[in-house]
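Shown next, in C-alpha cells, is the structure this report addresses.
Read the figures in this text as sums done on the coordinates, not as results from a lab. What you see is a predicted model; the values in this text were computed from it and never measured. Glycine also receives a Cβ, built like all others from the backbone with ideal geometry; neighbour counts cover every protein chain displayed.
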Amino acid sequence: MGEETKGSDQKVMLVIDENEYSYYALMWMLENLKESVTKSTLVIFAAQPLPNYTNVFAAPLGFARMYSPMSTTPALVESIQERNKKVSLGLLEKAKSICASRGINVETFTEAGDPKETISDAVQKYKIKLLVMGSHANRTIKRAFQGGLSNYFINNAKCPVLVVKKPE
C-alpha cells in the first residue's frame, strides 16, 4: 500500500516543442519507461516562447522567426503570441493522443515566456521528480556559444534530467 502511494506522488515531465527530437523523446519514453510513467503522473509541458518585440515577424508555421530591422506593432505581437499558444496547444493535444493510444493518462500544460524560466517554474510548481527532454543534436555551433536548453537543465534543474538523443 505504501509503495503505491509513493509511486503516485512521482511526477515525470516531458518538455515538447515542434521539432522531431521532442517526439522522439516522447516515443522513447513510452517504449523504455512505460512502467514508470504508468505508475506515476506524466506531465507534458510546452513552453510558448515570447516574440522579440522589436524585430520579429510572424512566419506561417510554428515558432519560426525571421528578423528584420523594422519595429513590430502591438497587434502583430499579439497575433504571434496567439499563434504560439495555438501551436503549443496543438502539440500537447497530439502528445496526449499518442499517450492515450498506449493507455497512459497525462496532464498537459503550457505557459508563455522564456523556456528556461517557464520549465523551471513548472518543475517546482508540479513537484516534478524527473525531467525528460529531447536533444537538439544538430545545433552544436549554437550550443558552443549560447548553451542548449537541455544543457541548461542538466546543470540547473531541481530534479534529475534525462536527455534523449535521437540516433543519427
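Key figures
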quantity: Rounded if a/c under 1.5, otherwise prolate or oblate - segment 72-124, Cα gyration tensor axes; calculated: oblate
quantity: Segments 88-97, 127-136, 159-168 sorted - mean Cβ within 10 Å per residue, highest first; calculated: 127-136, 88-97, 159-168
quantity: Förster radius 35 Å - calculated FRET efficiency between GLU18 and LYS158, Cβ distance, rounded to 0.05; calculated: 0.85
quantity: Mean Cβ count within 10 Å, highest first, over the residues of peptides 73-82, 104-113; calculated: 104-113, 73-82
quantity: All aspartates and glutamates inside 20 Å of LYS166 as judged from Cα atoms, apart from same-chain residues fewer than 8 positions distant; calculated: ASP17, GLU18, GLU20, GLU31
